[in-house]
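In what follows, a single structure is set out as structure tokens and then discussed.
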Amino acid sequence: MGGGELRVLRESRVKILLMTAILLVFTLFGVLLVEFGPRWLLWLHWPIALFFGVCTLLSAVLLLPNSSCLQIGPEGFTVRYFFRPHSCRWTEIDTFRVESIAGHKRVLFNYSPQYRGAIGPRWLGATITGGILPSLYGMSAEELADSLNQCRGK
């Protein structure tokens, strides 16, 4: 990444489409249960249909342009998820690392002592707010962490 170049990483559209299609099948299954299932279980069928319907809509939102991406620039990075941006300067980040969470490798980061965005105990803010990237953006966790650590070091 040269001088003032901005690099944008996006989620795989195929992966999002597949997830949306699977959720749509579960939604349709819930609707079929509401329509044709036993009436005495209707109290259970509606929540199934509604839950998977909402999940399908949220998944479909990720297909919209600029709804989810990682922008890497010379000053820092911005994570955009469901259109909400969260930016960090490189000086606010200590290091990026890979950890396994529930059996899936994820990229986490530690805030540096210069970071002033956390309210309350720093260890709690770093763990809960912004300390984990929501996606791997088509890369392995190790590749993404190494790439971000290289950008942070420049």
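The residue of the stretch 14-29 that is surrounded by the fewest Cβ atoms within 10 Å (Cβ to Cβ), among those that are under 22 Å from the mean Cα position of the chain (by Cα) and of a type in the set (Val, Ile, Thr), is Val14. Within the stretch 30-39, the residues that satisfy the criterion of being surrounded by fewer than 14 Cβ atoms within 10 Å (Cβ to Cβ) and either polar (S, T, N, Q) or not in a loop (DSSP other than H, G, I, E, B) (or both) are Leu32, Glu35, Phe36, Arg39. Residues that are in contact with a helix residue (DSSP H, G or I) (Cβ under 8 Å, 6 or more places away or on another chain), within 11 Å of Leu6 (Cα to Cα) and surrounded by 14 or more Cβ atoms within 10 Å (Cβ to Cβ) within the stretch 75-94 comprise Gly76, Phe77, listed in sequence order. Looking only at the stretch 137-154, residues that are in contact with a Lys or Arg (Cβ under 7 Å, 6 or more places away or on another chain) and farther than 13 Å from Arg7 by Cβ come to 2 in all.
Each reported figure results from applying straightforward, stated rules to the coordinates on display, with no laboratory input. Treat the numbers as computed from the prediction; the structure is a model and nothing was measured. Using ideal geometry, Cβ is built from the backbone for each residue, glycine included, and neighbour counts are taken over all protein chains shown.
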